[in-house]
1. Sum -39500 (n - 2.57) across every DSSP H segment of at least 4 residues in the protein assembly as shown, then divide by the residue count to get the 222 nm mean residue ellipticity, nearest 500.
2. For residue B:343, list long-range residues whose amide hydrogen, built 1.01 Å from N in the peptide plane, is under 5 Å from its own amide hydrogen.
3. Over chain A, average the accessible area per residue using a 1.4 Å probe and give it in Å², no decimals.
4. Return a single number: how many Lys pairs in region B:177-362, at a sequence separation of 8 or more or on separate chains, have alpha-carbon atoms below 19 angstrom apart.
5. Angle between the Cα long axis of helix B:214-234 and the longest principal axis of chain B, 0 to 90 degrees, nearest 10?
6. With a cut-off of 8 Å between alpha carbons and a minimum separation of six or more residues, what is the relative contact order of region B:80-216 in percent?
7. Report the A-B buried area as the accessible area lost on both sides summed, probe 1.4 Å, in Å² to the nearest 100.
8. Would you work out what percent of the accessible area of region A:2-173, with all protein chains in place, is carbon or sulfur (probe 1.4 Å)?
Number of protein chains: 2
Amino acid sequence: MRTLMVELGERSYPIYIGSGLLNDLGSYLQKHGITTKNSLLLVTDDNIAPLYLEKTLHTLQQSGYRVVTSIVNAGEKAKSLSVFENVMTAAIEGGLDRNSAVLALGGGVVGDLAGFVAASYMRGIRFVQIPTTILAHDSSVGGKVAVNHPLAKNMIGAFHQPVMVLYDVDTLQTLPMREVKAGYSEMIKHGLIWDEAFAEWCLNQAESLLALNREDLAYGLERGCAIKAAVVSEDERENGLRAILNLGHTIGHAIEAVGGYGEFLHGEAISIGMMGSALLAVKRGRDQSIYTRTKQLFGRFGLPTSLPKHLDTEALIHALLHDKKFKDNKIVFVLPVAIGKVDIVTDITLDEVREVIEQLKEEA
Amino acid sequence: MRTLMVELGERSYPIYIGSGLLNDLGSYLQKHGITTKNSLLLVTDDNIAPLYLEKTLHTLQQSGYRVVTSIVNAGEKAKSLSVFENVMTAAIEGGLDRNSAVLALGGGVVGDLAGFVAASYMRGIRFVQIPTTILAHDSSVGGKVAVNHPLAKNMIGAFHQPVMVLYDVDTLQTLPMREVKAGYSEMIKHGLIWDEAFAEWCLNQAESLLALNREDLAYGLERGCAIKAAVVSEDERENGLRAILNLGHTIGHAIEAVGGYGEFLHGEAISIGMMGSALLAVKRGRDQSIYTRTKQLFGRFGLPTSLPKHLDTEALIHALLHDKKFKDNKIVFVLPVAIGKVDIVTDITLDEVREVIEQLKEEA
């Protein structure tokens, strides 16, 4: 079992990563001062519930906990204010009080929704993340929780750190292959922005990681979380450094939006986005190897490295204009300086982005 | 002009109290780093809008601010998630970004709603309170913001401190007399829990305060805010001391609930509630003068000191049982020890409360 501390002063918390941890959920909760005196709310979705709900409830009840469950529909639509209100209803009817905790059993959507419930129920109660996807290694660090507004993603939320994250790698074994691949996209990103050696390790272990080897998976998750934690510890509320985590996300978000949030998984979209950032960097004079090595890395994981031709360039540009990072006809972009190091560049023009988009299409 | 600092470390903020301050709103915003580069959202209600909206917008526009306005229906019903979502829509459509601010122009309801919008828009932007009621001197200190859930009041919220509070006593001159009286109830409470001399001052200046004498009003608001600030500074998130601010609120909330949140104003209900606490204290052996002096104080302000006979005792007890402070057939109560000093008592039985309720009815 690996333990990683996210250092955030009095809001510091551990991430436990290993096999079989879910069986000991009760003792982990007790270790963190969550006693059986107070009801718990467990939030999950209807994909995860058939796989792990019964087991989780059983282990909690064995430990003497009273648990209320709220099962939401799988998918991004659960991050709405109306689902949020329903989960709140479950919390109130279940008699949760100030000393209760909300547990999120699932991927990023469940974590974001349940986290915002925990952040605002009675003005904030404790929150525990139990991620069941690889991608969630990213969202479980940093305390960003939110629901969507019909007009914009993640517009309504809070910074609310969990008291602990319990990452049972056994739950990842049931992930569909496409989600496995897409999950590694953020892990690779953490190598690209911070740690060349880790990027190299990902490349070399690709086969083992895709086969969900527990040892390599646990190490990869730990290192990915550690890099994100290092960034977040320095800039919890995104005033500066934290922006480097957006590598590939500006173009990536546009791809997700133009694809109607269904054609591309988040990890796929940002994989293409990171290829775009590499191209932009090379155009701005950085070494060509940044592009070729990035491409090799994503290619090894079966992730897309080019843009399907049917995506309309102007639609992508239009989506970019809605991005929070757009200002005075210039866009703020995170660009690689080398593998393992990035820079924040504030003067990228729309024409440069248009050119890169066209080039990404030619690669297809 | 009086300035009072609420000391909360890096979240400290000033309360400006005086006549004519609204005319200088723009300079106060600038002084606090809210520049004209970023749109503002002004939230108010349809009672206040006809009186002060035009003037406020005019002064903001004179100072070069772009302002989006959201006018909600006056009254507690505005503290719902659906109104919250509408205000969020206005913020998004108005192009508010991370450096924008939300301004609350109104009483406690507008402050609570707009404050929760500020707390959660893009995970938190700046918040400015411009209270237009006497009662809001209480809610503008301490950072508690919230909306209601259909099942319970203030259940969904956050702690989000404003960057400043601008209290223009001129806006209080248009308050209906009943609201003026009820507004003083929390001010008197601050004397009762903390400062005998201030309670005496309130008693002696009652006539002048009810006549809205600007000088006395400004001093009373300042001292009331200062007492609340002192309590909140020691216990921002209500882990202990802050509970003393609930004097009169346990019975008071029950009275509001049984009255259907319409028969009694909050200030009226807690005035009766504080009479109940005084009676309980005397029953538990405290000096009889606590009761007579409390009664004299509220009487001087034309506030109710007894319970209308038509309120059903068992309905009140039932409402109490829903209170967060109820546990194992015992209730946590804030009880006076003397005028200006209270204690938190954890073993009040339902029978004792029943007796006090009956006694409050006999006084009617």
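1. Values: 28 runs with 323 residues, N = 728.
Taken over the protein assembly as shown, the calculation gives -13500 deg cm²/dmol.
2. Distant-sequence amide H within range of residue B:343: B:335, B:337.
3. Values: 13760 Å² over 364 residues.
Result: 38 Å² per residue.
4. So the count of such lysine pairs works out to 14.
5. 80
6. Details: 202 pairs, mean separation 27.3, N = 137.
Reported relative contact order: 20 percent.
7. Details: alone 15060 and 15030 Å², together 27490 Å².
So the buried area, both faces added, is about 2600 Å².
8. Numbers: 2720 of 5810 Å².
Carbon-and-sulfur percentage of accessible area, whole number: 47.
The values are calculated or read from the model by the stated rules, or taken from the named source; none is laboratory data. What you are looking at is a predicted structure, and each value in this text was computed from that prediction instead of being measured. When we count neighbours, we look across all protein chains shown, and the Cβ atoms used for this are built from the backbone with ideal geometry, even at glycine. To get the accessible areas, we keep the full protein, side chains included, count just its heavy atoms, and leave off ligands, DNA and RNA. Shrake-Rupley method; radii C 1.70, N 1.55, O 1.52, S 1.80 Å.
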